[in-house]
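Structure first, commentary second.
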Amino acid sequence: MRKRPFGTTRFMAAEIGLGCWQLGGNDWGSLDEKSAFEILAAALAAGVNFLDTADVYGDGRSETLIGRFLKSRAEEVFVATKLGRTAELYPDYYTEEAIRAATEASLARLGVEALDLTQLHCVPTEVLRRGEVFGWLRKLRDEGKIKHFGASVESMEEALLCLEQDGLTSLQIICNIFRQKPVSTLFAQARERGVALIVRLPLASGLLTGKWTTQSEFAESDHRHFNRDGQFFNVGETFAGLPFEQGVALADALKPSVPAGWTMSQMAQRWILDHDAVSVVIPGASRPEQARANAAVSDLPPLPGELHTRLREFYLAEVAPHIRGPY
């Protein structure tokens, strides 16, 4: 697994990490503890050393499982968590005391003395604009409760607001073949400031596997069933903000562009890795073989320049007009 510097830290992140939303056992369908540990073990065996979770995933279950799993492991693993979307904070209860309480709860669930990275979890734009929350995070860092802080954002406006903050280590964004705005809006600025970029939803909730049809169905507890139109949280977190049927059609239209011998998933993740501003990509995995397949993308060669040009033109002409939600 190839590695990249994680911003200005000394940590070298495997360029493919593991998103751990699914370990919560909700929003992506049920997942038992045994399966969760098998996924984590497969990812680490494939060279993954970066895990991304949040306190709200399964009401703390994802953090708890990661903490228990890592107790018996000797590998150096960087665990990034998030805060800000629990009922104690969201949408307008952000206080220093509440941020501190959320941090202490994550420390206990993960079983560590200091969090490697805590990220503001898609908090309202106005909270970012006021900026006081960053001061609270700096205080927690100075106290040794957290080693680094960053923000997971929904829009490029929010990302650029965060870039103005001293001490910001990372930004987590949605970026994929169907959602290319960050490439022209954010990548150069983040690179210039030494801010790590964590890319989530590299496969647009599975659309960019090319496996779905308009008749595909998802479990009722899966956000791809209950949040297709943003009924419960930002629509951009589900299918990258595309209407499902439109997304399926767009994925089908991409199939002739997939290099011979490759899968669409490989092409989609390689496309992201070809941008050197990206520090780590965090695809999820519901099975061990998915974790291994995602990690293997690191060994693939870059996509041809001609293909990059074609994918950019496809995005601008065919995809961008259909994206919904903050972007």
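The values are calculated or read from the model by the stated rules, or taken from the named source; none is laboratory data. Nothing here was measured: the structure is a model prediction, and the numbers come from that model. Glycine gets a Cβ as well: all are built from the backbone with ideal geometry, and neighbour counts include every protein chain shown.
What to note about this one:
- Check on Y327, at pLDDT below 95 and farther than 30 Å from E38 by Cα: yes
- Count of segment 285-306 residues which are among the small types (G, A, S) and more than 20 Å from S62 (Cα to Cα): 5
- Cross-chain or 6+ apart pairs with Cβ under 8 Å, segment 158-180 first and more than 14 Å from S279 (Cα to Cα), then modelled with pLDDT of 95 or more and of a type in the set (S, T, N, Q): E158/T125; A159/T185; L160/T185; L160/Q189; L161/T125; L163/Q189
- Where P259 falls short, out of the listed (1) without any contact (Cβ under 8 Å) to a residue 12 or more places away in the chain; (2) in a loop (DSSP other than H, G, I, E, B); (3) farther than 18 Å from R200 by Cβ: (1)
- Unmet criterion (only one of (1) touching a residue at least 24 places away in the same chain (Cβ under 8 Å); (2) surrounded by 15 or more Cβ atoms within 10 Å (Cβ to Cβ)) for R228: (1)
- Selection from segment 90-100 of residues that are in a helix (DSSP H, G or I) and among the charged types (D, E, K, R): E96, E97, R100
- The residues listed here are A277, A240, A295, A291; of these, the one that is within 28 Å of A13 (Cα to Cα), touching a strand residue (DSSP E or B) at 6+ places or on another chain (Cβ under 7 Å), surrounded by fewer than 20 Cβ atoms within 10 Å (Cβ to Cβ) and at pLDDT 95 or above is A277.
- Flag for P283 being touching a helix residue (DSSP H, G or I) at 6+ places or on another chain (Cβ under 7 Å), within 27 Å of S155 (Cβ to Cβ) and in contact (Cβ under 8 Å) with a residue 60 or more places away in the chain: yes
- Checking L89, L65, L23 one by one, the residue that is touching a Lys or Arg at 6+ places or on another chain (Cβ under 8 Å) and either of a type outside the set (S, T, N, Q) or surrounded by fewer than 23 Cβ atoms within 10 Å (Cβ to Cβ) (or both) is L23 and no other.
- Which listed residue is without any contact (Cβ under 8 Å) to a residue 40 or more places away in the chain, buried (at least 17 other Cβ atoms within 10 Å of the Cβ) and part of a helix (DSSP H, G or I), from G247, G206: G206
- Matching option when the condition is without any contact (Cβ under 8 Å) to a residue 12 or more places away in the chain, within 27 Å of F11 (Cα to Cα), aliphatic (A, V, I, L, M) and surrounded by fewer than 19 Cβ atoms within 10 Å (Cβ to Cβ), among A108, A114: A108
- F218 being in a loop (DSSP other than H, G, I, E, B), within 20 Å of the chain's Cα centre (by Cα) and aromatic (F, W, Y): no
- Complete set of residues in segment 58-74 that are assigned to a loop (DSSP other than H, G, I, E, B) and closer than 18 Å to G19 by Cβ: G58, D59, G60
- Checking each residue in segment 1-28 for being part of a strand (DSSP E or B) and β-branched (V, I, T) picks out only I16.
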